[in-house]
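See below for the structure under consideration.
FYI, it's all coordinate maths here, none of it is from the lab. Every value quoted in this text rests on a predicted model; they were computed, and no experiment measured them. Cβ coordinates were reconstructed from backbone atoms using ideal geometry, including for glycine residues, and neighbour counts include every protein chain displayed.
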């Protein structure tokens, strides 16, 4: 009535050749038993039979086999047929196997805690003799299975064998455990066979897989402080082990680092698609493109999950799900084309706020989602939500720090004639936080200009706030027109006081307190008249100079300590620069970005500056491209300044004796020079200014006395003397004989001031040029 594949391999007959024919036709004729074809097996008087006989192979030769016949009973216990098994064996082995096989079965049943199979040893190796439950492993794993059987028999100890295979659904595998144990002869204690018991462990296997997935999610989700990247990591983890398609939609406020409203969201909410993943390459199932906004109607599963704050199951048996997908032509087309039948929607919630929603779906060939899948999805979404919220909070803090820092940095550099400038500021990459790098360009009296660059220790709001303090202090001290070394000395005292105040009153700070304030600073003053640049450094790397002939070198400085260290003086270095020289000021983030060796970084900077680029803006880009990686680990500030020079046709200077009679001559000389420059309209005010300043220098100052006029964007008048005593503006009383001259000068000019020099002081004024 039936014919197995094993029977075909044993005797060569195909099923179609033997099924329906008398079984006796397979017996080799035995002359002593009767005519050819007569049966040697009589099952009429025995419920079970075993023995040996010769069966006819398809090619004609005989195959000696051991036969065993088992009765098949009907509902009333009557025999309705027999199941016959056959195995090849030698006559002596057959005799032993026939004699011991029933006992082995009895012993294995008695000693097995579970339903089992029985393997016995014969000349052909281990074979399956009894199978009371389950099936032997598939052919691909048969050799490894039998190898374990041999090992159990040889070592005489039990073992466990586990195997998995694709299940009826693509999302799950089937799993089995097979317990193996040696079967011993009770009389001799020798191993006579190996018993196996196989049971289905698919549910336990899937439970372990869920735990493994959660463990993997902890390592793979939230690896960066980037909201979109974290959302994509969630989608990548869930596909294909939990779902065939996953999408992650977030509020726009989350992507901007803002704080969403606490609690569940209203149903009518617009979300932005930030991540999706599929078992198909390119995610063809997505009805919403990455970066696009989508509005979920209140009855849709994502909107319901957002409104309740709880995950939910949905699918084709949910009328609201069908209503939702049928309302969108693209969505219903994707559902039908890819056969989606089961879905889950899980809100992304962390610290009491809702960030967005995760939507998961399975298509044909996958098992519908169950309650345990919903629990797993909720756990994954919770872990991802915490990572996204951390990234959101970091984005907010970083944005605030960047906003503060950019508000403290110069937006537009002031107009001045001493140098042509270009700059770049790049905040650190996402992992480092905002630093305290800064720069500034400060116009000074006499057409000079101050070029400043600095780097505050640390990162974050604290560093940005300290940078703002230092920049304000530098501008204040620069307005006093201090030399670079004296300015750094005052700045060092300021930082020391800030550090002392922080250590004394740390609780008054409204920002993370580091307990230490430190900064580098480089302050340079360039005079376009003398073409001399005076530089002082507080622990800052020296500037590079590209000369007009194409050579590049680092300025040799005597750098002082970092600001806030104190105890050591600062030294100024003077460098005479040809017109058209290019100064490059920078922070250490530029030269240490690719290599921590500062020397190598300086060499690469010089090479980049030497590259012929027509504009300063282009030079900035060339330098950054040559020295910086894609995402620098530290802030970078770069300030380029190409020097200009004021020539003799723009400057006029006279040396004056200490004689009151010379005042009239000084006025006349100034008027004649203004006529040469075509500035006759400014002669009246200039004569009054020259008269007052020269008179004061003769009366209160000391020789030598000098007068200088500079024609630039403004008309500058300077009177210098050897006295360090500076005049002060005061309001004269009604009967005072003096004190009105300087007040008059301040009223007639747009600016005036005093600066100390190495030989005394200089009083200067600025007047706007006539409109003509």
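Observations on the structure shown:
- In plain terms, if you count all Cα to Cα distances in the range 409-643 and split them into 10 Å steps from zero, the share in each step is 8, 33, 38, 18, 3, 0 percent.
- Kirkwood estimate for the range 350-393, i.e. one over the average of 1/r between Cα atoms, Å: 12.0 Å
- Taking the C-alpha atoms of the range 648-768, convex hull volume expressed per residue in Å³: 106 Å³
- The alpha carbon centroids of the range 278-294 and the range 587-635 are separated by 40 Å.
- Highest to lowest packing among 760-770, 679-689, scored as the average C-beta count within 10 Å: 760-770, 679-689
- Linear extension gain, residue 367 paired with residue 554, 0.36 nm per residue minus alpha-carbon span: 60.3 nm
- Each of 1, 388 was scored by other Cβ atoms within 10 Å of its Cβ. Listed from fewest to most, they are 1, 388.
- Dividing the mean sequence gap of close Cα pairs (under 8 Å, 6+ apart) by how many residues the range 214-284 holds gives a relative contact order of 35 percent.
- Rounded Å value of the spacing that divides the Cα centres of the range 206-234 and the range 652-673: 83 Å
- Virtual spin-label span in nm between residue 320 and residue 200, 7 Å along Cα→Cβ: 3.4 nm
- Whole-number percent relative contact order across the range 648-768, with pairs defined as alpha carbons under 8 Å at least 6 apart: 24 percent
- Summarising the label geometry, the points placed 7 Å from Cα in the beta-carbon direction at residue 333 and residue 80 lie 5.7 nm from one another.
- Look at the alpha carbon pairs under 8 Å that are at least 6 residues apart: their mean separation over the length of the range 619-713 gives a relative contact order of 37 percent.
- Treating r as the C-beta distance of residue 530 and residue 665 and R0 as 22 Å, the FRET efficiency rounds to 0.25.
- Rg ratio (alpha-carbon, reference 2.2 N^0.38 Å) - the range 204-264: 1.34
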